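Reviewing the structure listed below.
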Amino acid sequence: MEIKRDDLIATLGGEQAVARMDSETKADALEDFLSTELDKVLLSTDPHFPTVAEVEQKIPTRHFRMGVGNLFVATAPGAKVKILPPMPDKPTLYDFFALRFAPANHVLQSAALALKNGMSEEIILACLLHDTAQALLKADHGYWAAQMYTPYVSEKTAFAIKYHQALRFFADPAYGYEYPDLYRRLFGEDYVPLPHIRADYEMLKNHPWYEAPRLVTVNDYYSFDPKAKVSIDPFREIIGRHFKQPKEGLGNDNSPVAHMWRTIARPDMPL
Ligand SMILES: [Fe+2]
Ligand SMILES: [Fe+2]
């Protein structure tokens, strides 16, 4: 695999940002880059779509399950998980983005696309948050994420986050949304979505809020662009207006989802 120095430096925030990093941070950053690059290679160069049976045959070749959260396993060959920086006493959404969801490239690029496409603030926020539960787990991540965010965002934003997962399996030419090749690779070309996904799709087709999750799928940014400059800064005002940050900190507010935030904050707890 060829690594372009300029691409790597751009991904890390440019020459100045790299100059400020100590060698351990640089090594970690390189590992992250390689992991993402590896994913890109795996997902984009093989012209063959596997069958569901072929996808299943790969399960016992791995030391992890595909649904595991990003924080809990280093998937690159030979990689190890790292010591995570501690969280502040009263963590905010920004702290989770910086210290647990990072680099969060995909969601930041999706939100930037939604902003550029003139989406409403509720939808931009949904795009920003839609895949962040993948830190915790990837399986059914839309449903987990919606639950995690329900106490802190509007009903429509949570709805959009929850159901983007179901709508991704169904094309909608009216919105220019096609079934993604990525899903043919990940699930198998003959994959049939699970009953709860099909049932939710049937419900959504006639729902007055159908458009909300559909717009998340439309702005779901799948092309990895190593030169893209991503930052949460363009979304600070939207977060300020639409995200109800608990004053005790996420995980400390005794809400029904506080344990989910605590698990993301301390994924090394053995029990
Ligand atoms: Fe997603
Ligand atoms: Fe996504």
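The values are calculated or read from the model by the stated rules, or taken from the named source; none is laboratory data. On a predicted model such as this, the values are computed, not experimentally measured, just so you know. Neighbour counts are summed over all protein chains in view; Cβ atoms, including those assigned to glycine, are modelled from backbone coordinates with ideal geometry. Heavy atoms of the whole protein, side chains included, go into the accessibility calculation; ligands, DNA and RNA do not. Shrake-Rupley method; radii C 1.70, N 1.55, O 1.52, S 1.80 Å.
Per-structure values
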{"quantity": "For region 77-94, Karplus couplings with θ = phi - 60° (6.51, -1.76, 1.60), whole Hz, Gly/Pro x", "calculated": "x, x, 6, 10, 6, 10, 6, 8, x, x, 8, x, 4, 10, x, 9, 4, 4"}
{"quantity": "Distance histogram in 5 Å bins (all Cα pairs of region 105-228, percent per bin)", "calculated": "2, 12, 21, 26, 23, 12, 4, 1"}
{"quantity": "Label-to-label distance, nm, for residues given as V68 and E15 (7 Å Cα→Cβ offset)", "calculated": "4.0"}
{"quantity": "Cα→Cβ-extended label distance, 7 Å offset, between A171 and V52, nm", "calculated": "2.0"}
{"quantity": "Surface per residue (accessible, 1.4 Å probe) for region 68-111, Å²", "calculated": "50"}
{"quantity": "Coordinate range along principal axes, alpha carbons of region 184-255, Å, largest first", "calculated": "46, 37, 25"}
{"quantity": "Residues of region 133-271: accessible area per residue with a 1.4 Å probe, Å²", "calculated": "53"}
{"quantity": "Alpha-carbon centroid distance for the pair region 212-271 / region 174-203, whole angstrom", "calculated": "24"}
